Every structure is written in C-alpha cells, then in structure tokens.
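Engineer: Dropping the structure in here first, questions after.
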Amino acid sequence: MSIDRSRSRTSTLMLAALGVVYGDIGTSPLYAFREAFSGTAALAPTEANVLAALSALFWAITLVVSIKYVWLVLRFDNDGEGGVLALTALTARVLRRRLDSPRLMTFVATAGVFAAALFYGDAVITPAISVLSAVEGLSVATPHFERFIVPITIGVLVGLFLIQRRGTGQIGAAFGPITLIWFLCIGALGLASLWQNPSVLRAIDPSHAARFVIEHPGSATLLLSAVFLSLTGGEALYADMGHFGPRAVRLTWYALVCPSLLLNYFGQGALVLRDASAVKNPFFLLAPEPWLLPLVVLATAATVIASQATISGAFSLTQQASRLGYLPRVQVRHTSDRERGQIYVPGVNALMLVAVVALVLEFRSSNALAGAYGVAVSGTMLITTALTALALFALRGWRRRWLLPLLAVLALLELAFFASNLMKIVEGGWFPLLLGGLIFLLLMTWKRGVQLLREQRERFDLPVADFGASMLRDVPRVAGTAVYLSSDPARVPAALFHNLKHYHVLHQRLIFLHIHDDDVPYVNDSNRMAVTRHAPDLYSIALHFGYRETPDVPAALAWADEQGLHFDAMDTTYFVSRPIIVPGGGGFSTPRFAVFSWMTRQAQGATGHFALPPNRVVELGTQVTI
C-alpha cells in the first residue's frame, strides 16, 4: 500500500509540476523558431538555414536543459529549495568548509544576488510575451481581431495574478490537465508535419549548426538569440523545484515535455521546408484551418500557465532572499501542508502585475518584446553554471573530474548565448538589465545595512551569559512580566537597556524571547517551547513555529504553564526594539542610506507578524548611526 501511495503522490506532483514548472519553456514553440526568420536581419527560409536552426535548437535544449538543469543542477538543492539564491547559499557553505577565502565568498554572494536580480527581470517579461504571442494567433485566424489583442492580453494577465492567492498546489492541479493536453497537442501537430517530411530529422547532426556558424558568422548572432528563446524556462524550472521536488520535475521533463517540444520544433521546420511562406507564423499554421481557433484558445490557456512558472519562481526567490538577509521580513502565505515550497507573496504579486501590464502597454507585440527577452535569463544561466562549478570543485569525489569539463563546455555555449543577447539591448534588452540593476541595489543595500546594525549590536549589547542577578540587584522592580523580543538569543535585547535608561525600573519577571522558524508545516505542542532559567525571575524562551503556522506568540506562551511559568495576559508587557537609523557612521553613501532607510520603513512590524496584542506592546526606538 505504501508503494501505491508513493506512486500516486509522485503522479499527482508530476501533473501539478506540469502545470507550474514547465509552462514557460513549454510555450516557447510559439515564437522561438519563428524569431530566427523574422525581423530586419531575418534568415532566409532555405533548407540549409532551417536545418541549422533546428540543429541548434535540438542541441541547445539537450545540453542546457536536459543535461545541465534537469540532470545536474536539480541535484544542488539547499534543504529542498531550488533557484540561484539557494545555490548561492549552498555553494558558499561547501566552499567555506574547503577554503578560507573572503574574496571568493564575496564573489559567490555578489554573483548569486546579481543573478537573482536578473531573474526578476525575466519573471516580469515572461507573462507579457507569452500571453501576447498566444493572443496574436487571433490575427492569423482573422485580421479583425487585431485591435483586441492588447485588451484581451491585459484581461487574461489580471485574471492570472488574481488567482495566485489560491497557491501553486491548487493552481498546478487545475493547470496540470490543460498543460498535459497542450504538450500532447503540440507533439501531435509536430509529428503530423514531420511524417510528411521526415528528412528534416537530418538536423540532429550538429554539423548543420556548426557549418552555419562558420560560413555565416554575422548571422550566427541572430540565430543564437532566437534559439535561446527555447531555453528561457530553464532557470524558472530550477527556481520552482522547491514547490514539487526534483523527482517529479525530472520525470515530467524526460517522459513528456522534452519529446513534445522537439517534435513540435521539427514539425515547424518540416512545414517551412514544404511552404516557405509559413515562416510568418509556423506554429499556428501547423494546425488545419478548422482547428486554428481552438488552438488559439488552448495556446492562450497554456501561456497563462507559462507565466505561472516565473511567478512561482519569483515568490520562492523572494522568500529565500528574506531568509538569507537580502530583503526585510515580507508577508508569506504557505498554501500547502505537505509541500513546504508552495507559497504566495502578496506584495510581489501586486508589483509584478503592475510591471507586466506596463510592459504590454509599452511594447504591444511579442515581436517587440522578443528584443527585451533573453538578456536577463542568459546572464542568470551563466552565473548558475559558474556557481555549480564552484560547488563541484569544493566537493570531493571522482565525479567532479568529468563534470567540471562538461560545465566548462556549457559555460562557453552560454557565454555565446549571452553575447548574442547583448546585441538586443537597444531593441529592449535594456529593460531587464535596468530592472535587475535596481533590484540588485536593493538586495545588496539591505544586506549591508543589516550587517552594520548587527555590528552595532555586538559592540553595545551584553551577552546573556554575562547578565545575571548581580546586575539587577539594585534596580527597582515593579509587578508584572516583561517579554523582550530578541533576534539574537545570545545577547540581551537592546530594548531592556533602553527601558531601564528611560524609566529606571524593570518588571519583576524578565523574559528574553527568541522565535525559530522550523522546516516542518506544524510543530508538535511538546516541541513548541524551550525554557532556560538564567537567574531568579530571569528566563530565555525559544518558541518554535512550523512554516504553515501563524506565529501567535501570546497563544504559544500559554504552554509555559507546563514549565512552571504562568503568563497573565493583562499583566504581561511586550517590548519591541525598532532601530532608528541616522547617517554619520560612514557605512553608507547618502543615496544608499536613503534606500535602506526607506526599506526599513517598509518592513513588516513585529507586532502584526507575531500577533502581539497592540495594547500590551511598548515599542522602543533605538537610534543607530551607520
């Protein structure tokens, strides 16, 4: 029975993963092959050029997605989490065991954060270009629909972002069957076309792509930038791993997604070889005319799902950035009891909606957006390869002897993709680079600001081990219990000293409270609390909450009765310290100080986050010079 349940669970996760993880890369056939033969510098739809494009597509998907991401990179998870920030944390950890190089640690952190910032640029462009390219199929059916393309696209996108609150698990369960139909459909369309012209399979020979690059080096850049569009879901695939686990992601790719994609690409190539005029939109022209409108509807649904991959990836990345100290505390809603990575981040969802709608209104077509697409994600892929190589270098074992040369080959290929995409900066590639640069500034500014605040605490805050009854002997005491929230369990909260400085008294009973976020959905009541007694009426309490639980501190403290501590709600006061930062310490330039100060004001307050009763909270401002 347990084996049957395991198989059933894997099948369910595979179907859900199909509806979330593979939506992005699964809709690339809508525009990737076409882009090589469109635009002012388009390739002529000759047999040699078609075979070269298909050869490049086949080997790019095989090397970068099938081998690098699905087979290798998915193995590099950080406690079940995927994505470039999780890889950054993992790489730093394994390198620290092997080497003591502050410069290398700085490089790893900076590269990882920059790649994460670039991923946000990709996450904004993907929904816009995917849905636009599908809705544009209406103009293939009839030109009368052309003026409705942008309004329909915006309506679809708004609906997509509104349903995010239901969680990736429910969305994946709903989207999975649609995506399954999508992949079966595009595979069947490609196979039907391929059956009419099987000679196109000659493109599997890599010499066709190599010969084109040698004979037409100027046009190779256009070809590489178009081929790269077929890979743009690879990084989202890795970022979404935490939602469903690597096994479900890996099995789904090899069993269904990869074969369907390759069949469709080769089918488009076979169609163009039969009819060169089909190059204007080879994907939709694969379908018989009666099936064109149903295919447009299915493609629109599939591109909505495609957008889900990068939206979910952005949620995961935001949560990881917050945990790693690159963003302030954000509101995260966990939407599954069984899968830790299934989350919803309301603030990110709202910001992405505004950015995506603005992109659609600005560019208004998928061809125009294709110029902005690829620059960010190609940079992210290159950094992912570098971090994976560093992690492999730090690990011992025979595997690294042949995996490192493989990653070197992949790095050269991705460097060529990155260089080709840089040619599109003027056409719109500046947008993801600008957005990524701004996000990178925010992430690094918060990290540096938190570090400066920590250094200030270490200079002035007293270790708990040195704080005892002797230090409190001459301090007047008043009745009641004072609970001081502490971010560092080893140090006395700064709020206690500020309270003493202002009021010259302390409560009869003092509690230093530290809160742990555990990697389980729910914490058993027996493991909820750990109490340490330092002196008479002086305690440290560690509270544990699961990732699916709302951290309700007053409710959790009710369990202290079993530890011999009773908390009277009307006799307990919670003290929270909020730093008030002022310039002058030399740690920041004036612009970065303004950014950090603004981010500090946006952070979610402890009172609401920990469900503290507002009428029993005393918030003490601590002026810190940085």
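A short reminder: the numbers here are calculations on the coordinates, not readings from a lab. All values reported here derive from a predicted model rather than from experimental measurement. A quick note on method: Cβ atoms are made from the backbone with ideal geometry, for glycine too, and the neighbour counts reach across all protein chains shown.
Engineer: At 0.36 nm per residue, and after removing the present C-alpha to C-alpha distance, how many nm does the segment from Arg211 to Ala535 gain when stretched out fully?
Structural biologist: Details: separation 324, 0.36 × 324 = 116.64 nm, distance 7.92 nm.
Additional length available on full extension: 108.7 nm.
Engineer: Can you compute the FRET efficiency between His609 and Arg323 using 1/(1 + (r/R0)^6), with r the Cβ-Cβ distance and R0 = 22 Å? Round to the nearest 0.05.
Structural biologist: Details: r = 14 Å, r/R0 = 0.64.
Efficiency computed from Cβ-Cβ geometry: 0.95.
Engineer: Okay, moving on. Stokes-Einstein D for segment 461-625 at 4 °C, 1.567 mPa s, Kirkwood Rh over Cα pairs, in µm²/s?
Structural biologist: Details: Rh = 17.2 Å.
Estimated diffusion coefficient is 75 µm²/s.
Engineer: Once amide H atoms are built 1.01 Å from N in the peptide plane, which residues 5 or more positions from Ser38, or in another chain, come under 5 Å H to H?
Structural biologist: Leu43
Engineer: Just to check I understand the Karplus step: with θ = phi - 60° and J = 6.51 cos²θ - 1.76 cosθ + 1.60, what whole-Hz values come out for segment 108-115, glycine and proline as x?
Structural biologist: Coupling constants for segment 108-115: 4, 5, 5, 4, x, 5, 5, 4 Hz.
Engineer: Order these peptides, 572-584, 85-97, by their mean beta-carbon neighbour count within 10 angstrom, highest first. Can you show the working numbers first?
Structural biologist: Working: 572-584: 17.1, 85-97: 20.3.
So the order, starting with the most tightly packed, is 85-97, 572-584.
Engineer: Given the rule -39500 (n - 2.57) for each run of at least 4 DSSP H residues, summed and divided by the residues of the chain, what is its mean residue ellipticity at 222 nm, to the nearest 500 deg cm²/dmol? Don't jump to the answer; show the numbers that get you there.
Structural biologist: Values: 27 runs with 362 residues, N = 626.
Calculated from helices alone, the mean residue ellipticity at 222 nm is -18500 deg cm²/dmol.
Engineer: A follow-up question, please. With a 10 Å radius around each residue's Cβ, average the other Cβ atoms per peptide and rank 299-307, 153-161, highest first.
Structural biologist: Working: 299-307: 25.7, 153-161: 17.9.
My ranking of the peptides, most packed first, is 299-307, 153-161.
Engineer: Pick out, in residue order, every one of the chymotrypsin sites (Phe, Trp or Tyr not before Pro) in segment 501-544 that is DSSP loop and has at most 16 other C-beta atoms within 10 Å; say none if there are none.
Structural biologist: Working: sites: Tyr503, Phe512, Tyr522, Tyr539; in loops: Tyr522.
Counting only loop positions with at most 16 other Cβ atoms within 10 Å, the chymotrypsin sites (Phe, Trp or Tyr not before Pro) in segment 501-544 are Tyr522.
Engineer: Which value, to two decimals, describes the C-alpha radius of gyration of segment 388-444 once divided by 2.2 N^0.38 Å? Each step should come with its number before you reach the end.
Structural biologist: Details: Rg = 16.3 Å, N = 57, 2.2 N^0.38 = 10.2 Å.
Normalised Rg, Cα atoms only: 1.59.
Engineer: Let me ask something else. Could you tell me whether segment 177-226 comes out rounded, prolate or oblate from its Cα gyration tensor? Rule is a ≥ b ≥ c as square roots of the eigenvalues, rounded for a/c under 1.5, then prolate if a/b exceeds b/c, otherwise oblate. Each step should come with its number before you reach the end.
Structural biologist: Working: a/c = 3.91, a/b = 1.85, b/c = 2.11.
Because a/c hits 1.5 or more and a/b fails to exceed b/c, segment 177-226 counts as oblate.
Engineer: Hey, another quick one. Around Ala52, what is the net charge, scoring Lys/Arg as +1 and Asp/Glu as -1 over all other residues with Cβ under 10 Å from its Cβ? Before the final figure, lay out each step's value.
Structural biologist: Details: positive: Arg211; negative: Glu47, Glu215.
The answer is -1.
Engineer: Moving on. How fast does the chain diffuse by Stokes-Einstein, in µm²/s, taking the Kirkwood radius from C-alpha pairs at 4 °C and 1.567 mPa s? The partial results should precede the final answer.
Structural biologist: Details: Rh = 26.6 Å.
Reported coefficient: 49 µm²/s.
Engineer: Give me the number: length gained by fully extending Met423 to Tyr522, i.e. 0.36 nm times residue separation minus the C-alpha to C-alpha distance, one decimal in nm.
Structural biologist: Values: separation 99, 0.36 × 99 = 35.64 nm, distance 5.02 nm.
Result: 30.6 nm gained on full extension.
Engineer: Looking at the chain, send over the antiparallel percent of its DSSP beta bridges, to the nearest 5.
Structural biologist: Numbers: 10 of 38 bridges.
Roughly 25 percent of the DSSP beta bridges within the chain come out antiparallel.
Engineer: Which of the trypsin sites (Lys or Arg not before Pro) across segment 163-253 are loop residues per DSSP, with 10 or fewer other Cβ within 10 Å? Mind showing how you got there, number by number?
Structural biologist: Working: sites: Arg165, Arg166, Arg202, Arg211, Arg247, Arg250; in loops: none.
Those that pass, being in a loop and sparsely packed, number zero.
Engineer: Related question: Beyond 29 Å, what percent of the Cα pairs of segment 46-191 remain? Could the numbers behind the result be given before it?
Structural biologist: On the way: 4400 of 10585 pairs.
When all Cα pairs of segment 46-191 are counted, 42 percent exceed 29 Å.
Engineer: How about segment 187-233: which chymotrypsin sites (Phe, Trp or Tyr not before Pro) there lie in a loop by DSSP and see at most 16 other Cβ atoms within 10 Å?
Structural biologist: Values: sites: Trp195, Phe212, Phe228; in loops: none.
Within segment 187-233, no chymotrypsin sites (Phe, Trp or Tyr not before Pro) qualify (loop, at most 16 other Cβ atoms within 10 Å).
Engineer: Next question, about the same structure. Quick one: Karplus J couplings for segment 611-619, per residue in order, coefficients 6.51, -1.76, 1.60, θ = phi - 60°, nearest Hz, x for Gly and Pro?
Structural biologist: With coefficients 6.51, -1.76 and 1.60, one gets 6, 6, x, x, 7, 10, 10, 10, 9 Hz.
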